[in-house]
Every structure is written in structure tokens, then in C-alpha cells.
């Protein structure tokens, strides 16, 4: 009886081992599929972010240039070295933008045929371009904010001068 019990338990153990191995293989395949799905989603999100930044940059750069020219004129610095330096920086940033725009991913690109390693390398490349584009965008957002502050300070100065004029000379 002990031999039969040992034989049956050995068979159950062997069957459990086979089932465990098959289950492990299936889980490995499924986790690989989930990993590539996650990577495809991350890549698609990054591409959407890059397209959005690339699409908004020209308008933002134009607004910032217009704003800065007005600030320079307000300060009497229209043809000064400061204005020339701004324009040179804008020209350099325009070239940088053109390089970034070349890397703009096409809409609805299909990444299903790519391996996990290919997806990872594309995500890394995309992240580098996206960082550069966001840096350029942030520069012009900050420039616009600075110009708004300058305009506010100038407005306060004008208002204080107008109030002083209305009060008349101090006696």
C-alpha cells in the first residue's frame, strides 16, 4: 500500500511540476506582451506631448519676440545691444526649433511590430528631443512672464506719476 501511495504522490508531483512549468511559460509570454503594450503606450504619449510642444512653439516664440520688442521700445532700448542680443538668441532658437521640428513624429504611427528593446530606444530618443523642446518652450514662457512683470511695474510708475500730478506741487 505504501508503494502505491508513493507512486500516486510521485505522479501528482510530476503533474504539478508540468502544470507549473506551463503556467510559468504562459505568464512569461503574457508579461512580455504587457511590457511591450506599456512601452507602446509610453511612446505614444511621448509622441503626443512632443507634437503638442512643437505645434505651440512658433506662436509662443512670435509672441515673446513681439512682447520683448515692445518692452525694449518702452525702455528706449529699441536698437540697443540688448535688443540685438535678443534677436541673435531668437535666431539661434529658431534654428534649434527647426531641428526639433524635423523630429516631429507622424500622427498615428503604428508601433506594434517593434520589440521591447526597439521601443525602449525610441522612448529614450524621443525623451531627449522632448526635453530640448520643453526647455525652449519654458524659456519663452519665462520671457513672457518677465515682460508682463515689467509692464506691470511700468504701469504702476505711470499711475504714481499721474496721482502726483493731480495732487499738484507740494507746499
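Some points to look at:
- Close pairs from segment 99-120: first over 17 Å from residue 48 (Cα atoms), partner part of a loop (DSSP other than H, G, I, E, B), Cβ under 9 Å, at least 6 apart: 118/111
- Selected residue (criterion: surrounded by the fewest Cβ atoms within 10 Å (Cβ to Cβ)) from residues of segment 121-147 that are touching a residue at least 60 places away in the same chain (Cβ under 8 Å) and more than 17 Å from the chain's Cα centre (by Cα): 144
- Single match in 112, 104 (criterion: in a loop (DSSP other than H, G, I, E, B) and modelled with pLDDT of 85 or more): 104
The values are calculated or read from the model by the stated rules, or taken from the named source; none is laboratory data. This is a predicted model, so every value here is computed, not measured. Positions of Cβ are backbone-derived with ideal geometry, glycine not excepted, and every protein chain shown enters the neighbour counts.
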